[in-house]
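Structure first, then comments.
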Amino acid sequence: MLTYALRRLVSLALSLAVASLVIFLVVEVAPGDPAAYMLGTGAQPDTIEALRSELGLDQPRLERYLSWAGGMLTGDFGTSYTYRAPVAQMVADRLWVSLPLALYALALSTLLAFPAGLYAAARRGRAGDVAVMGATQLGIAIPNFWFAMLLVLLFAINLGWFGAGGFPGWEQPLAAIKALTLPAVALALPQAAILARVLRSALIDILGEDFIRTARAKGLTRFEALWRHGLRNALIPVLTIVGLQFSFLLAGAIIIEQVFFLPGLGRLIFQAISQRDLIVVESVVMLLVFAVILVTFLTDLAYAWVDPRLRRRA
Amino acid sequence: MTFRLLPGAVLTAIVVLAALISYVWTPGDVASVDIAAKLQSPSAAHWLGTDQLGRDILSMIMVGARTSIAVALVAVGIGMGVGVPLGLAAAALRDTWLDDVIMRGNDLVFAFPSLVIAILITAIAGPGALNAIIAIGIFNIPVFARLTRGAALSLWSRDFILAARMAGKGAPRISAEHILPNIANLLIVQGTIQFSLGILAEAGLSYVGLGAQPPVPSWGRMLAEAQTLVSIAPHVALMPGLAIVLTVLGLNLLGDGLRDVLDPRLRAVRT
């Protein structure tokens with residue numbers, strides 16, 4: 001297990017190095033000089049040059065890449081061109097909205113999907129299965145930001161149960177969780193639909209196995225047999241989807257934040273794009289890609305832990 | 001088996017037809033602003049009502065369908081055009097380091113969600129429909145490459161491929177003449193699924209301002225503009241959203257239906 005984990009760790013480090021290089025090079029070719037943009041159209045060339053030097057933009061590219069990538073390793077993401085504030089601090093502030101939102105949505109999606117998938121598999125081919133599968137088909141087709149608007153219309157405007165947007169901060173934990181509830185539901189629904197379908201399919205495959213037949217022969221109902229013996233064996237495909245979903249949820253959170261005016265990473269990155277604050281764009285993108293690569297790594301480890309055969313094969 | 005194929009095909013056909021008809025006719029002019037007629041509810045004159053500028057929503061949806069379909073279709077084309085040859089090459093070069101390089105590169109691209117690619121492209125080139133196409137297209141590449149490699153690998157050990165090798169055919173020829181036709185069905189089904197995901201992704205990108213820009217109508221931007229009006233004129237936000245849902249639902253049903261017809265073995269395990 002240790003050798004396997006170490007090998008995956010080397011692969012993780014390589015992926016991160018290449019990803020950071022790709023992101024840096026892509027942003028490097030961006031037209032428009034951030035210094036000229038910050039100073040406006042009337043700026044003198046020598047003032048622009050002075051600012052370029054202050055921001056470190058006059059350094060050779062390799063040096064700038066190494067200082068940016070090395071800085072990220074130590075938690076120093078550089079200084080925002082626009083706000084003159086440490087990017088790491090700006091990102092950390094916003095992450096306290098985006099990350100809990102993604103995790104909240106992941107929890108909701110799993111909570112919705114497991115009973116739905118189990119129920120559909122246990123009632124395979126009957127009306128209950130058809131109804132759940134029909135609902136998931138619809139869930140997959142609904143864009144989450146549109147669903148978010150419908151939730152606002154119903155629960156915020158018509159019923160007044162929730163606010164239509166905004167975030168009070170974590171000083172008021174209950175109010176904060178309430179503010180993240182509608183966004184999390186909007187994010188979770190399509191993911192729950194996908195997860196429920198995968199779980200149902202994995203469980204149906206297992207229904208034909210001998211150990212389930214034995215369990216049924218011992219007098220367990222189909223649902224009990226699936227719950228006690230089937231679920232653990234269906235976890236591998238489900239784990240893959242949960243791992244993939246986290247990255248989709250983090251990226252999806254960026255869009256949902258726009259619907260609910262949440263001060264998360266989404267707001268930060270769109271402001272940074274419009275202000276040509278490229279170092280913020282670079283850092284947030286790197287962080288998102290890092291999250292995806294890290295979750296893939298953890299999912300791989302979880303596979304090997306759940307199924308020892310995979311350690312040998314890999 | 002046709003209970004999904006038929007409704008899927010009908011829904012898809014309606015959307016494609018609406019997009020095509022919009023080139024020659026729409027109920028109203030999407031470019032003309034008529035403030036006096038703004039935010040009207042659905043009526044005989046405007047079947048789906050009017051938006052905040054008095055434009056006919058049905059016409060906007062018809063023209064918006066062109067953007068959605070074009071972006072998603074070209075993105076599938078990019079994904080297939082690059083991903084399938086890569087997957088075929090990786091399978092043909094299995095057991096060599098080149099397979100590893102292709103697949104690790106693939107994993108790396110997979111780490112960039114399409115939204116992140118779109119953000120990067122927008123940072124360089126500014127927003128536009130082309131960004132959406134490239135972003136979704138790049139995201140599609142590893143999907144097709146993985147699928148193709150997996151399916152091709154299982155074929156390489158089959159007798160008819162061995163026979164082709166004994167007949168002196170090289171790997172590129174075998175890939176093109178024997179492997180590709182045998183995995184075409186799989187690619188068609190995946191193409192339909194990626195097409196529907198592309199429609200959703202395009203809507204999301206347009207919604208946050210990274211996709212098609214005014215005056216090109218797009219479903220995502222219609223929703224972004226309708227967001228502040230949702231309490232006074234819900235239909236302005238409902239209609240474009242319904243258009244997206246029905247299109248995606250139609251394509252998903254079509255994909256499932258095609259899978260049933262083209263590969264009966266998959267029926268039992270479909271998700």
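Only one entry of A:20, A:67 meets the criterion of being out of contact with any Ser or Thr (no Cβ under 7 Å at 6 or more places or on another chain), away from chain B (no Cβ under 14 Å), under 19 Å from residue A:277 (Cα atoms) and among the small types (Gly, Ala, Ser), and that entry is A:67. Which one of B:91, B:132 is under 19 Å from the mean Cα position of the chain (by Cα) and assigned to a helix (DSSP H, G or I)? After applying the criteria, what remains is B:132.
A single member of A:15, A:109, A:80, A:11 is under 20 Å from residue B:112 (Cβ atoms) and touching a helix residue (DSSP H, G or I) at 6+ places or on another chain (Cβ under 6 Å), and it is A:15.
Let's see how each residue does on (1) crowded, with 20+ Cβ neighbours inside 10 Å; (2) within 11 Å of the chain's Cα centre (by Cα):
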site	(1), (2)
A:223	no, no
A:228	no, no
A:235	no, no
A:240	no, no
A:243	no, yes
A:248	yes, yes
A:252	yes, yes
A:255	yes, no
A:259	yes, no
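When B:139, B:144 are screened for being buried (at least 23 other Cβ atoms within 10 Å of the Cβ), in a helix (DSSP H, G or I), modelled with pLDDT of 85 or more and within 11 Å of chain A (Cβ to nearest Cβ), only B:139 passes.
Out of all the residues in region B:54-72, is one or more of a type in the set (S, T, N, Q), more than 14 Å from chain A (Cβ to nearest Cβ) and part of a loop (DSSP other than H, G, I, E, B)? No, the conditions are met nowhere in region B:54-72.
Considering only residues in region B:1-40 that are in contact (Cβ under 8 Å) with a residue 40 or more places away in the chain and in contact with a strand residue (DSSP E or B) (Cβ under 9 Å, 6 or more places away or on another chain), the one that is farthest from residue B:261 (Cα to Cα) turns out to be B:39.
For region B:210-226, the criterion of being more than 10 Å from chain A (Cβ to nearest Cβ), among the aliphatic types (A, V, I, L, M) and within 27 Å of residue B:80 (Cβ to Cβ) is satisfied by at least one residue.
Only helices (runs of 4 or more DSSP H) whose full extent lies in region A:139-218 are considered here, and the ones with at least 3 residues that are within 10 Å of chain B (Cβ to nearest Cβ) and surrounded by 20 or more Cβ atoms within 10 Å (Cβ to Cβ) are A:144-151, A:173-207.
Of everything in region B:218-258 that is β-branched (Val, Ile, Thr) and in contact with a helix residue (DSSP H, G or I) (Cβ under 8 Å, 6 or more places away or on another chain), the residue that is nearest to residue B:196 (Cα to Cα) is B:248.
Scanning region B:111-129 for residues that are part of a helix (DSSP H, G or I) and under 17 Å from the mean Cα position of the chain (by Cα) turns up B:114, B:115, B:117, B:118, B:129. Under 21 Å from the mean Cα position of the chain (by Cα) and assigned to a helix (DSSP H, G or I): is that true of residue B:17 in this structure? Criteria met by residue B:17.
Do we have any residue at all in region A:103-119 that's within 14 Å of chain B (Cβ to nearest Cβ) and among the aliphatic types (A, V, I, L, M)? Yes, region A:103-119 contains a residue that is within 14 Å of chain B (Cβ to nearest Cβ) and among the aliphatic types (A, V, I, L, M). If you take the residues of region B:110-129 that are free of Cβ contacts under 8 Å to residues at least 12 places away in the same chain and more than 13 Å from residue A:289 (Cβ to Cβ), which of them is surrounded by the most Cβ atoms within 10 Å (Cβ to Cβ)? Looking at the filtered set, the residue picked out is B:123. Among the criteria (1) at pLDDT below 85; (2) surrounded by fewer than 22 Cβ atoms within 10 Å (Cβ to Cβ); (3) closer than 30 Å to residue A:16 by Cβ, the one residue B:54 does not fulfil is (3). Highlighted here are the helices (runs of 4 or more DSSP H) found entirely within region B:157-271 that include at least 2 residues which are surrounded by 24 or more Cβ atoms within 10 Å (Cβ to Cβ): B:180-207, B:219-226, B:234-262.
All of A:82, A:74 fail the test of being within 14 Å of chain B (Cβ to nearest Cβ) and of a type in the set (Ser, Thr, Tyr), apart from A:82.
One line per residue, one yes/no per condition, for (1) of a type in the set (Lys, Arg); (2) surrounded by fewer than 19 Cβ atoms within 10 Å (Cβ to Cβ); (3) touching a strand residue (DSSP E or B) at 6+ places or on another chain (Cβ under 8 Å); (4) under 23 Å from residue A:246 (Cβ atoms):
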| residue | (1), (2), (3), (4) |
| --- | --- |
| A:93 | no, yes, no, yes |
| A:123 | yes, yes, no, no |
| A:127 | no, yes, no, no |
| A:136 | no, no, no, yes |
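So which residues in region A:196-232 are touching a Phe, Trp or Tyr at 6+ places or on another chain (Cβ under 8 Å) and over 16 Å from residue A:124 (Cβ atoms), if there are any at all? Within region A:196-232, A:229 is the sole residue that qualifies.
The values are calculated or read from the model by the stated rules, or taken from the named source; none is laboratory data. Since this is a predicted model, take the numbers as computed values, not measurements. Don't worry about glycine lacking a Cβ; one is built from the backbone with ideal geometry, like all the others, and counts go over all protein chains shown.
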